[in-house]
Amino acid sequence: MASRPRTLYEKIWDAHVVETRDDGTALVYIDRHLVHEVTSPQAFEALRIAGRPVRRPELTLAVPDHNLPTTPRLDSRGHPLPIADPESAAQLAALEVNAPAFGIRYIPATAKEQGIVHVVGPEQGFSLPGTTIVCGDSHTACHGGLGALAFGIGTSEVEHVLATQTLLLQQSKPMEVRVEGDLGPGVSAKDLILHIIGTIGAAGGSGYVIEYRGAVFARMSVEERLTVCNMSIEAGARAGLIAPDDTTFAYLKGRPMAPQGAEWDAAVAYWRSLHTDEGAVFAKSVVIDAAAVEPSVTWGTSPEDVVAIGGRVPFPEDFADESKRVAAQKSLDYMGLTPGTPMTEVPIENVFIGSCTNSRIEDLRAAAAILNGRRKADNVRWAIVVPGSGLVKAQAEDEGLDKVFIDAGFEWREPGCSACLGMNPDKVPAGERCASTSNRNFVGRQGPGARTHLVSPAMAAAAAVTGRLADVRTLV
Amino acid sequence: MEPLTRVEGRAIPLGLKNVDTDIIIPAKWLKTISREGLGQGAFEALRAEPGNVIDDPAYAGANILIAGDNFGCGSSREHAAWALGDMGIRVVIAPSFSDIFSGNAVKNGMLPVVLPQGAVDRLLEVAREGLAISVDLEQQTVTTPYQDRFTFTLDPFRRDCLLGGLDEVGLTMARGEAIGGFEASRTAAQPWLMRGTAA
């Protein structure tokens, strides 16, 4: 093999190149493919029309998540309840038919293993270190938290993977985000990734695959690493990843689709080689001082619009770049914010705890720790918790977290993507604000006219309790 | 896929940066199981504003869209490319694109042209006059009636796919033997990688 020192990304890439065309495009093997109902119907339809089979059905896993209502799914007799919205119902029905028709394992909406694809993949041990993982969803970058090369693809590529188990790709450039020092108390993985995106910008990772490096990440749990890598796409990067280590292996051991016995030992031995070599070169390197990271919130309509909770709504004229000044003014108009307002004076009417970014058990524990013995403020009209999977929900219920949320005035829901993008009935009303643990504060993302402030789970809980954006450190 | 060699026509001078895929096509339009008809949902929030640039009659029939940095950022939804295509757009010109959007565009016979901000600013001026802009993929140039001439690059594989209207899936299926060889060595050396849901 190559003697040149390589980055983690380059090692995974090299291990998956089937062949390289004369024009430099590589045919790359895909180990794991996740499919949900929104970006797959047209791909299955194209296969059907062309009479093409799925090449390796066992390497694809299908789970419905985007459209599913988060209200109860079974009636009192245990029968599945119908989906009211006919378009959502048709899309969900298409996946339920397409997956078995093409020999693909399908987890139904009523199974306890159902959840958001990016929660289910790691949880089932389907997502593994060193693998290439794709899904018709940009937050596939999430699985990089296990040390996988994971990225979102379009529907034509979904079809390409189903038919050939490969993709035609140009190699991205390796980028390093190195975080030095320790995060302060009350500062979470979500705050760190928001801070990183605020620092490098929404296009700062464009053309790159980011490797997150530094002792902070080595100390993080797998759940925290998944949160960080999840939002790599919000910095424009194709993917983000963190080298696998003993924490990763301990997380995966014994999961249903993870290797077992002698194969487990062989896999771990291989995974231990998956780290950036001494002397490997990154095309771009950014250094972040962990001590400077504070609990963070977004003020605008791009995930780069990040400010520390102690900060204020910015003045558009303070931005050096003209296009950013224009964008900031449009954002402030949409968000209904006045420059100079302290962020802690921004009132909140809705709180959403969920999404592939922050719906795992640790996220629910962090929010519940703040809510325990407290209640949402009167001006918080709607507060919901949407666990990332049925297994997360069951675990939380075992720990009594559901009761903490319900006592605090939250609704305790069934798993799915929910108000992160409002494809199901969970939407934020026009003109209202939402403290949301999701990943995108785009115009209309949580519903037409909805105003999103991205925060960590603990910060969402703090907002619920105080009825405004709040520094969680004042509540612990 | 319809081949693309040369596109000439009016351009919508959108100009904004970070135009995300939720702006191009909001989530409620993603419930379709077809690729057709998404143009009616394109830029829905923007079009709700009176006097918006998308519906301005001065740019009626435009087949080119000009935008700012990081066009198509956000979600991987190919619906964004389908919606633009359904509006009649064949070329998008911007200083940069999100990786996923530019790939989706090419797979739908739509050309993403990357030009420096200065060139994009000039093309926005010309477009605002309602004049036709010409994009030639063989020459890799963008020209205006004022004799402006900007050259762009595109990776050769994408260029070939667009010029020839090629079906990537068909191209790759023809490499089935190479893929099979890769899988065989994989199965021998790291069988656990090939088990997937069958583990």
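The values are calculated or read from the model by the stated rules, or taken from the named source; none is laboratory data. Just so we're clear, the structure is a prediction, and the values are computed from it rather than from any experiment. Positions of Cβ are backbone-derived with ideal geometry, glycine not excepted, and every protein chain shown enters the neighbour counts. Protein only, heavy atoms only, side chains kept; ligands, DNA and RNA dropped before computing areas. Shrake-Rupley method; radii C 1.70, N 1.55, O 1.52, S 1.80 Å.
From the cross-link list A:173/A:393; A:376/A:427; A:112/B:31; B:17/B:107; A:11/A:190, which pairs have alpha carbons spaced over 30 Å apart? Show your work: numbers first, answer last.
Values: A:173/A:393 38 Å; A:376/A:427 19 Å; A:112/B:31 25 Å; B:17/B:107 23 Å; A:11/A:190 28 Å.
Flagged as over cut-off: A:173/A:393.
Shape class for the stretch B:6-166: oblate, because the ratio a/c of the largest to smallest gyration tensor axis (alpha-carbon atoms, square roots of eigenvalues) is 1.5 or more and b/c is at least a/b.
Suppose we keep just the DSSP beta bridges with both residues in the stretch B:6-166; what percent of those would be antiparallel, to 5?
Looking only at bridges with both residues in the stretch B:6-166, the antiparallel portion is about 45 percent.
Binning the alpha carbon pair distances of the stretch B:5-99 at 10 angstrom intervals from zero yields the distribution 17, 52, 29, 2, expressed in whole percent.
Reported value for chain A: 154 Å³ per residue, from the convex hull of its C-alpha atoms.
The portion of the accessible surface of chain B made up by carbon and sulfur, rounded to a whole percent, is 50 (1.4 Å probe; DNA, RNA and ligands excluded).
Do any GluC sites (Glu not before Pro) in the stretch B:1-49 lie in a loop, going by DSSP, with at most 14 other beta-carbon atoms within 10 Å of their beta carbon, and if so which? Walk me through the numbers before you get to the answer.
Numbers: sites: B:8, B:36, B:44; in loops: B:36.
Counting only loop positions with at most 14 other Cβ atoms within 10 Å, the GluC sites (Glu not before Pro) in the stretch B:1-49 are B:36.
Return the tail of the calculated pair distribution for the stretch A:423-464, meaning the percent of Cα-Cα pairs more than 15 Å apart. Result for the distance tail: 37 percent. Against the criterion of solvent-accessible heavy-atom surface with a 1.4 angstrom probe, A:397, B:78 sort, most first, into A:397, B:78. Label-to-label distance for residue A:75 and residue A:369 is 4.4 nm, based on points extended 7 Å past Cα in the beta-carbon direction.
For the stretch A:1-50, which trypsin sites (Lys or Arg not before Pro) are in a loop by DSSP, counting at most 14 other Cβ atoms within 10 Å? Loop-located and lightly packed - A:21.
Rolled with a 1.4 Å probe across the full set of protein chains, the surface gives residue A:96 an accessible area near 100 Å².
In this simple spin-label approximation, residue A:291 and residue B:146 carry label points 7 Å from Cα along the Cα→Cβ vector, and these lie 5.3 nm apart.
Mind checking the dipole of the stretch A:8-169: about its Cα centre, +1 per Lys or Arg Cβ, -1 per Asp or Glu Cβ, Debye to the nearest 20?
On the way: 11 positive and 19 negative charges, 87 e Å.
I would put it at about 420 debye.
Counting only protein heavy atoms and a 1.4 Å probe, the protein assembly as shown has 34 square angstrom of accessible area per residue.
The charge dipole of the protein assembly as shown, taken about its Cα centre with unit charges on the Cβ of Lys, Arg, Asp and Glu (plus for the first two, minus for the last two), comes to roughly 660 debye.
Placing unit charges on the Cβ atoms of the charged side chains and taking the dipole of the stretch B:155-199 about its Cα centre, the candidate lying farthest along the positive direction among B:176, B:164, B:196 is B:196. With a simple spin-label model that places each label point 7 Å from the Cα along the Cα-to-Cβ direction, the separation between residue B:187 and residue B:49 comes to 5.7 nm. Per residue of peptide A:179-192, the mean number of Cβ atoms on other chains within 10 Å of the residue Cβ is 0. Each eigenvalue of the Cα gyration tensor of the stretch B:81-199, multiplied by 5 and square-rooted, gives one semi-axis; in descending order these are 40, 14, 13 Å.
How much length is gained if the chain between residue A:85 and residue A:333 is pulled fully straight, taking 0.36 nm per residue apart and subtracting their Cα-Cα distance, in nm to one decimal?
Numbers: separation 248, 0.36 × 248 = 89.28 nm, distance 3.22 nm.
That pair, residue A:85 and residue A:333, stretches by 86.1 nm at full extension.
Counted by Cβ distance under 11 Å from residue A:296, the other residues give a net charge of -3, where Lys and Arg count +1 and Asp and Glu count -1.
Surface burial for A against B, with a 1.4 Å probe and both sides summed, reaches about 5500 Å² of accessible area.
Surface calculation, 1.4 Å probe, protein heavy atoms: residue A:403 sits at approximately 120 Å² accessible. Each principal axis of the Cα atoms in the stretch A:207-261 has its own extent, and those three values, largest first, are 39, 24, 14 angstrom.
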